[in-house]
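My questions all concern the structure below.
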Amino acid sequence: MHLNFNEMSIAQEIEKRRTFGIISHPDAGKTTLTEKLLLFGGAIQKAGAVKSNKIDMHARSDWMEIEKQRGISVATSVMAFEYEGSKINLLDTPGHQDFAEDTYRTLTAVDSVIMVVDCVKGVEIQTEKLMEVCRMRSTPVISFINKLDREGKDPYDLLDEIEGKLNIQVHPLSWPIGMGKTFQGVYSLYDKSLRLFKGGQQLHEEATKFSDVNSPELDKLIGERYANQLREDVEMLQDLYGDLPVEDYLSGKVAPVFFGSAVNNFGVKELLDTFLKISPNPKPRKLDEEMISPTHKEFSGFVFKIHANMDPKHRNRIAFLRICSGKFERGSNYYHTRQDKKFRISQATAFMAQDKETIDEAYPGDIIGLYDTGNFKIGDTLTEGMKGVYGGIPAFSPEIFREVINKDAMKTKQLDKGLAQLMDEGVAQLFSFELGSRKAVGVVGQLQFEVIQYRLKHEYGASVEFAPMQLYKACWISSKDPKKLNEFLGSKQRHIARDKDDKLVFMAESKAWLQMVQDNFPDIEFHFTSEF
Ligand code: G4P
């Protein structure tokens with residue numbers, strides 16, 4: 001195949017790009033690791049420049065504080081930086097579990113993931129959930145086991161725990177020598193080098209090549225006891241794992257594992273360097289049923305996140321678009337496939353570390369911020385003319401449901417508009433019952449109700465209260481037999497609602513009852529996500 005000059009330069013840009021997200025249970029060290037990576041990229045100059053996007057629970061009642069935190073989270077949503085000839089796009093994911101849906105959606109925009117695990121706590125619940133999402137999409141995952149300067153679990157047990165709880169095969173690429181007070185350093189099994197731990201920041205210190213662990217030099221460096229232990233470990237690991245099957249990493253079957261200490265900047269460079277060697281650059285993605293290569297000559301991308309302006313007087317928003325193919329050029333007219341309309345995109349921003357800057361062009365893998373006055377919804381696709389939608393942003397059944405009670409009948413219009421816009425942003429899910437005018441809002445965590453109530457009041461002037469509802473799950477329903485589906489809808493009328501895309505949903509009141517209904521209606525399929 002002959003590529004013209006334009007296609008060739010796009011191919012080179014794609015080759016350079018790595019778009020990934022860091023996931024972890026809160027407090028495992030995601031912010032710290034992000035900061036160290038940015039320091040390597042020269043995107044920031046000093047430690048402490050990256051703000052955690054953690055929602056501080058002590059500040060719950062102080063709404064200005066939450067708004068400020070939302071501001072921080074948009075500023076640090078995407079951090080792009082250059083490192084050794086690569087263009088790295090790091091996407092931040094909210095750590096707080098109440099905003100898990102936001103994280104799930106962000107994961108649809110990345111090509112790979114680094115998962116941070118705290119060696120003291122091991123694999124925690126939030127990581128298990130996030131890993132499920134990675135598995136659904138076969139996203140390649142690298143694990144970084146952090147806080148080796150603390151007394152943690154045995155490294156072999158940690159590997160077992162990752163395999164057991166996260167249901168993925170592991171493949172250690174580095175190995176710790178000692179731990180906590182006796183932590184000596186890590187040995188890289190990937191490029192056979194030793195890095196000694198001296199505490200403190202070790203930004204420029206190089207590792208020493210140590211291709212033969214049997215060398216007596218090793219005893220001099222870490223003492224006979226640790227040297228012998230390392231020799232034993234290396235032999236056993238080599239027997240157990242052999243060389244890394246990079247293809248299996250790329251297909252999401254095997255997770256390479258690194259050990260280190262983010263706060264001490266230890267083991268981070270090995271992680272970054274190996275990551276750049278093995279991680280995927282942008283790959284083809286499915287537009288409806290067709291695979292679109294990133295080198296496709298036409299631009300295309302999809303919106304995975306929308307962030308509203310915090311200033312209620314300016315109700316503009318930023319739509320975060322992941323580019324999937326071709327070259328984005330500011331000032332061009334692009335086709336909004338849901339609205340079947342062309343839009344001129346005159347404002348677009350790139351996110352460089354913590355600054356936003358206007359950009360004129362961008363390539364597959366890049367995330368750009370589009371100025372939006374209400375035209376975009378999460379999941380929207382923008383192209384140069386191709387029709388279709390980039391799928392794969394499923395909604396999951398919420399955990400908690402409340403009925404929306406309008407407290408000010410004069411502001412019904414504002415309420416409807418506000419609710420619709422907040423749902424476009426993906427703040428929560430709205431289900432409208434087929435009978436009557438009841439509406440249920442479903443969320444992952446309690447905190448979201450407070451955010452919605454506050455924002456409806458301050459941004460739209462609408463007053464709502466949320467009344468408890470006895471609901472267990474929202475199940476998207478389908479059937480191969482339209483007659484059976486109609487019968488089901490007729491007999492369960494009171495429990496049928498529509499989601500934001502008008503899809504049919506069965507609102508199950510309890511686990512036991514759902515089970516009974518499933519048994520009684522074997523021709524109906526019940527799905528816990530909106531894409532099936
Ligand atoms: P998160 O974004 O995943 O929630 O975690 P974050 O990086 O904020 O780290 C959580 C805490 O763990 C921080 O301490 C951080 O300094 C500490 N930490 C990160 N990496 C390491 C490590 O390698 N070793 C040790 N011992 N600690 C580590 P904090 O007390 O909550 O905050 P700070 O006052 O230290 O910033």
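The values are calculated or read from the model by the stated rules, or taken from the named source; none is laboratory data. Remember, it's a predicted structure, so these values are computed and weren't measured experimentally. Cβ sites come from the backbone with ideal geometry, for glycine too, and all protein chains shown count toward neighbours. When the accessible area is computed, the model is the full protein with side chains, heavy atoms only, and any ligands, DNA or RNA have been set aside. Shrake-Rupley method; radii C 1.70, N 1.55, O 1.52, S 1.80 Å.
Roughly speaking, what is the centre-to-centre gap between segment 358-412 and segment 254-279 when only Cα atoms are used, to the nearest Å?
Here the answer is 33 Å between Cα centres.
Which is farthest toward the positive dipole end of the chain among GLY326, THR349, ILE145, measuring Cα position about the Cα centre, with Cβ charges +1 (Lys, Arg) and -1 (Asp, Glu)?
Among GLY326, THR349, ILE145, the one farthest towards the positive end of the dipole of the chain is THR349.
What is the percent carbon and sulfur in the accessible area of the chain, measuring with a 1.4 Å probe over the protein chains and ignoring ligands?
Here it works out to 49 percent.
For segment 100-190, which GluC sites (Glu not before Pro) pass both filters: DSSP loop (anything but H, G, I, E, B) and at most 15 other C-beta atoms within 10 Å?
GLU151
ILE292's amide H: which non-local residues (gap 5+, or another chain) put their own amide H closer than 5 Å, with H modeled 1.01 Å from N in plane and none for Pro or chain starts?
It is ARG285, LYS286, LEU287, by chain and number.
Run down the lysines and flag those whose C-alpha is under 19 Å from the C-alpha of LYS500, throwing out any fewer than 8 positions away in its chain.
Straight-distance partners of LYS500: LYS305, LYS377, LYS413, LYS417, LYS439, LYS473.
About the Cα centre of segment 285-383, what is the dipole size in debye to 20, counting +1 per Lys and Arg Cβ and -1 per Asp and Glu Cβ, all else neutral? Don't jump to the answer; show the numbers that get you there.
Numbers: 16 positive and 14 negative charges, 65 e Å.
I would put it at about 320 debye.
About the Cα centre, and with charges only on the beta carbon of Lys, Arg (+1) and Asp, Glu (-1), how big is the dipole of the chain? Nearest 20 debye, please.
1740
Still on this structure, please answer the following. HIS296: accessible area at probe 1.4 Å, nearest 10 Å²?
That residue has around 50 Å² of solvent-accessible surface.
Same structure, new question: Treating cross-link reach as a plain straight distance, find the aspartates and glutamates whose alpha-carbon is under 20 Å from the alpha-carbon of LYS387, omitting any fewer than eight places away in the same chain.
ASP288, GLU289, GLU290, GLU298, GLU329, ASP340, ASP501, GLU531
Shifting gears a bit: For each pair in LYS165/LYS511; LYS283/LYS457; LYS121/LYS192; LYS30/LYS253; LYS36/LYS341; LYS283/LYS492, compute the distance between the two Cα atoms and list the pairs where it is over 32 Å. Walk me through the numbers on the way to the answer.
Working: LYS165/LYS511 24 Å; LYS283/LYS457 43 Å; LYS121/LYS192 28 Å; LYS30/LYS253 23 Å; LYS36/LYS341 43 Å; LYS283/LYS492 43 Å.
Distance filter (> 32 Å) returns LYS283/LYS457; LYS36/LYS341; LYS283/LYS492.
Compute from the Cα atoms of the chain the Rg and the Dmax, the latter being the longest Cα-Cα distance, and quote both in angstrom.
24.9, 83
Next up: What do you get for Rg/Rh over segment 400-527 if you use C-alpha atoms and the Kirkwood form of Rh?
Working: Rg = 15.7 Å, Rh = 15.5 Å.
Using Cα coordinates only, the ratio equals 1.01.
Let me ask another. Give the residue list of GluC sites (Glu not before Pro) in segment 246-314 that are DSSP loop and have at most 15 other beta-carbon atoms within 10 angstrom.
On the way: sites: GLU247, GLU270, GLU289, GLU290, GLU298; in loops: GLU289, GLU298.
Here the GluC sites (Glu not before Pro) that fit, given the DSSP loop and packing criteria, are GLU289, GLU298.
5 Å is the cut-off here: which amide hydrogens, built 1.01 Å from N in the peptide plane, fall below it relative to SER479, excluding neighbours closer than 5 in sequence?
GLU525
Would you mind checking which residues have amide H under 5 Å from LYS377's amide H? H placed 1.01 Å from N; only 5 or more apart, or other chain.
Distant-sequence amide H within range of LYS377: zero hits.
Can I ask one more? Would you be so kind as to identify which of ASN265, ILE496, SER188 lies farthest towards the positive end of the dipole of the chain, taking Lys and Arg as +1 and Asp and Glu as -1 on Cβ and the Cα centre as origin?
Of the options given, the answer is ILE496.
In terms of Cα to Cα distance under 13 Å, which aspartates and glutamates are near enough to LYS483, apart from those fewer than 8 places away along the same chain?
Result set, ordered by chain and number: ASP523.
OK, next. Give the relative contact order (percent, whole number) for segment 315-424; include only Cα pairs under 8 Å separated by 6+ residues. Write down the numbers at each step before the final one.
Working: 152 pairs, mean separation 31.4, N = 110.
Once normalised by length, the contact order is 29 percent.
With every protein chain present, what is the per residue accessible area of the chain (1.4 Å probe, Å²)?
Values: 23580 Å² over 532 residues.
Per-residue accessible area for the chain comes out at 44 Å².
For the full complex of protein chains and a 1.4 angstrom probe, list TYR83, TYR226, TYR472 by accessible area with the highest value first.
Numbers: TYR83 15, TYR226 45, TYR472 65 Å².
The residues order as TYR472, TYR226, TYR83, largest area first.
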